[in-house]
Amino acid sequence: MPIDAATKIGASLCPLPAPAGHPKSPTMITEKIDGISVTTQANVYFDGKCVSHNLTYPDGTKKSVGVVLPATLTFNTGAPEIMECVGGGCEYLLAGADAWLASGPGEKFSVPGNSSFQIRVKDAYHYICHFG
């Protein structure tokens, strides 16, 4: 999860409605990813509160898949990211925003490159991070 060595995750288990024009877009949960290379060495952040594995597609596209355990964490981004919730839930606060927003299964939120976000997790938050 190359997010500039530090912060990513936040949400509640009871998803709140997104305000009009919000970048979250409910979609089908990704259940399986075929034809990829997986890095078996885990990326471990925040004393094990966030653990992920890197995925590489044949075309060079990179993603990570991981879990955030109960905590409030701050992540920095290099590239833009889309966080897709595949299980659990979180609340997140984008840099410069005043309100925490919820993300649950099948929902996504976008984080600009060279930015940061905070994430709050009450129970395990399972995610796919789409880079680019």
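The values are calculated or read from the model by the stated rules, or taken from the named source; none is laboratory data. As the structure is a computational prediction, the values presented were derived from the model and not from experiment. Cβ atoms come from the backbone with ideal geometry, glycine included; neighbour counts cover every protein chain shown.
Miscellaneous remarks
- For segment 30-75, the set of residues classified as of a type in the set (Lys, Arg) and outside any strand (DSSP E or B) consists of 32, 49, listed by residue number.
- Matching residues, segment 34-65, being in contact (Cβ under 8 Å) with a residue 60 or more places away in the chain and either loosely packed, with under 13 Cβ neighbours inside 10 Å or over 23 Å from residue 104 (Cβ atoms) (or both): 61, 62
- Segment 76-102: number of residues that are part of a loop (DSSP other than H, G, I, E, B) and out of contact with any His (no Cβ under 6 Å at 6 or more places or on another chain): 11
- Total residues in segment 112-129, condition over 20 Å from residue 49 (Cα atoms) and of a type outside the set (Ser, Thr, Tyr): 3
- For segment 103-126, a residue qualifies if it is surrounded by fewer than 21 Cβ atoms within 10 Å (Cβ to Cβ) and polar (S, T, N, Q), and the qualifying residues are 110, 114, 115, 116, 118.
- Check on residue 105, in a loop (DSSP other than H, G, I, E, B), under 18 Å from residue 29 (Cα atoms) and either in contact with a helix residue (DSSP H, G or I) (Cβ under 7 Å, 6 or more places away or on another chain) or modelled with pLDDT of 95 or more (or both): yes
- Members of segment 75-102 that are under 19 Å from residue 29 (Cα atoms) and exposed (fewer than 15 other Cβ atoms within 10 Å of the Cβ): 87
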